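The structure appears below as structure tokens.
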Amino acid sequence: MSVDNGRLALPDDEDDEDLLEAYGGGGGSKTERQAQTPKSTKSKQSNGQVRSISAQFHSTNLSPTVASPSVRYSSRTNSGAVVASYGASENITWTAKQSFQPEVQMLQAFEDEPPLTKPYKYMYQSAQTIGDVLNERILSMADEMQDVMLNKGKEGEEEEYASIGEINSGTFSTVGRICCDCSGHLNAASVLVEGWAVPGRSNCVPLDLSRVESFSIFPGQIVGIKGMNSVGSKIIAQELVQGKTPPDPSSPITISINTGPVQVVVACGPFTTSSNLLYEPLTDFLTTLRDNPPHVLILLGPFLDASHPLVVGNDLGESHNAVFNRCLRIIASTLEGTGTRIVLVSSSRDVTSPMVYPTPPYDVSGNFTCVSDPALISIEGVVVALTSTDILLHLGKEEISFPSPAPDRLGRLARHILKQRSFYPLYPAHESMCVGMEQLENHAHLPSKPHLLVIPSDLRYFARDLEGCVAVNPERLAKGITGGTYARIELHPPNSSKGMHESINVNILRV
């Protein structure tokens, strides 16, 4: 696959068509296929005929089942409606100054660890490797929480962390990982806390939370505990510190009044309804962008969801790669000449991607910036954290809180990501996830608090300020048999007396 002047060209797939024909899935003879499709781009241009975006998604190999339009989607009446917003209402333009091309860069979680740019070996990791990674996470968070956990006395009298299984009749401070003592869901009576590895000493004991005024915990969460362990077999917690928000980024923001605000559009897959593969929501979305193109377009997978009913039922008349490539070709050709920078974020739900997290970038060429899931990028110095994995839904299924029901559940779930300094702090991971622990430690870490956190989820859309970070859940562009939502984001030059979070405007719109 290649791109010529921003237009994605697909490889010759005649052999694939012949193979599909042999199994009854092809679209007829070579002569018939040529009669059904335009002879060449040149002839189209010479006749002044340009196929609509919708027509480009109609392949001759699509069966009637795959190509039947969604009545529910086409009958919607709220297209373009703003359903949520964030930021000040003054000075909003929602229009990109096309003479300005903002700089987009990939960032790394650690100085000595480059961003994930290529596939890696997975499906094998030793228990020792997993244990080392989990232990390192506890030690790392313990270092970060010292200023809020340990009392600073005179020199030589500073408080130190106690180990989890250490007998101590007085109040002490320690750090550990929340675990569950059974195979079911976590509850207040089944909470264990696992500490760092100490030779010859137990590092996992029950945690009594009956004296803690409020808490919000989940398996895998690293917490600071102040309490007692008079017999060495149970910690009675008096105070729970649920992580620590990372520091602000140190990079300068280079957006200026002269260049104008940076326009960003974010949409997350699936991009087609569950009833067909016509990509009707993506078609309407691209039509809107063609009329008002942004500086940066961020598209998060999946582009062809492995759980799509037509994929599961093997009802396609063409290969998975053919569908995926056609999507990218149409996206590239629609925005050709607009100056829009297209960022593609991979997804382990994509049928063409490895089913592992962190997920390597898509292997495509052309006018695309392909990044892994998760990823950190910089747009003119504005740090943007991206993930296509539904960590909010996964956390929501495992988290318990007291008192219940606790207010602002969505905001609380999103705060866990910041306070745990990880895109995916849940352990064990959700049953749908295959996690490479070493890569998770290297590429899912949040070294600083991003200015913008994009966390798409099946949970309800939102855009809000979380401790100086603007968190946005644009939901999905397609939701079942109907359309979903996407986000328009405007990044203004920051005011010297205010943080960047007060210079960001967000609108979440229905497709």
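The values are calculated or read from the model by the stated rules, or taken from the named source; none is laboratory data. Keep in mind that what you see is a predicted model, and the values were worked out from it rather than measured. In this analysis, Cβ positions are derived from the backbone assuming ideal geometry, glycine residues included, and neighbour counts consider all displayed protein chains. The protein model used for the area step is the full one, side chains on, heavy atoms only, and it has no ligands, DNA or RNA in it. Shrake-Rupley method; radii C 1.70, N 1.55, O 1.52, S 1.80 Å.
A few comments on the model shown:
- Most positive-pole-ward Cα, 445, 427, 459, against dipole of segment 414-472 from beta carbon charges: 459
- When the chain is reduced to its Cα atoms, the Kirkwood hydrodynamic radius in Å: 24.9 Å
- Residue-level accessible surface for residue 132, protein heavy atoms, 1.4 Å, Å²: 80 Å²
- Carbon/sulfur fraction of accessible area - segment 211-354, other protein chains in place, 1.4 Å, %: 49 percent
- When the pairs 97/244; 118/498; 97/118; 152/244; 152/419; 397/498 are compared against a 29 Å limit on Cα-Cα distance, 97/244; 118/498; 97/118; 397/498 fall above it.
- Computed from Cα positions, the angle between helix 127-144 and the longest principal axis of the chain comes to roughly 70 degrees.
- The mean accessible area for residues of the chain, using a 1.4 Å probe and ignoring ligands and nucleic acids, is 45 Å² per residue.
- Once the Cα atoms are used to define both axes, helix 409-419 deviates from the longest principal axis of the chain by about 70 degrees.
- Computed over segment 288-380, Kirkwood Rh from alpha-carbon pairs, angstrom: 14.2 Å
- Relative contact order of the chain, taken over Cα pairs closer than 8 Å and 6 or more residues apart, is 22 percent.
- Relative contact order (percent, whole number), segment 255-374, Cα cutoff 8 Å, 6+ residue spacing: 24 percent
- About the Cα centre, charge dipole magnitude for the chain (Lys/Arg +1, Asp/Glu -1 at Cβ), debye: 1440 debye
- Each label was represented as a point 7 Å from its Cα along the Cα-to-Cβ direction; for residue 98 and residue 123 these points are 4.8 nm apart.
- Cα-based convex hull volume of segment 181-233 per residue, rounded to whole Å³: 108 Å³
- Loop-located trypsin sites (Lys or Arg not before Pro) in segment 112-173 (DSSP state other than H, G, I, E, B) with a sparse environment of at most 16 neighbouring Cβ atoms within 10 Å: 121, 152, 154.
- Other residues within the sphere of radius under 11 Å centred on the Cβ of residue 481, judged by their own Cβ, net out at +2 (K and R +1, D and E -1).
- Built from the Cα atoms of segment 408-468, the convex hull projects on average onto 4.8 nm², one quarter of its surface area.
- Between residue 78 and residue 108, the C-beta separation translates, for a Förster distance of 41 Å, into a calculated FRET efficiency of about 0.50.
- Whole-percent carbon and sulfur share, accessible surface of segment 379-463, 1.4 Å: 51 percent
- Segments 474-485, 327-338, 176-187 sorted - mean Cβ within 10 Å per residue, highest first: 474-485, 327-338, 176-187
- Mean separation of Cα contacts under 8 Å, 6 or more apart, over the residue count of segment 133-224: relative contact order %: 30 percent
- Average 1/r across all pairs of distinct alpha carbons in segment 125-196, invert it, and you get the Kirkwood radius: 14.2 Å.
- The chain - mean residue ellipticity at 222 nm from DSSP helices (-39,500 (n - 2.57) per run, n ≥ 4, rounded to 500): -6000 deg cm²/dmol
- Rounded percent of accessible protein surface that carbon and sulfur make up, segment 57-152, 1.4 Å probe: 51 percent
- Calculated log₁₀ intensity ratio I(q)/I(0) where the Debye formula runs over C-alpha points of segment 380-439, q = 0.13, 0.28 Å⁻¹: -0.40, -1.37
- Relative to the longest principal axis of the Cα atoms of the chain, the long axis of helix 280-291 lies at roughly 80 degrees.
- Alpha-carbon centroid distance for the pair segment 118-182 / segment 224-256, whole angstrom: 11 Å
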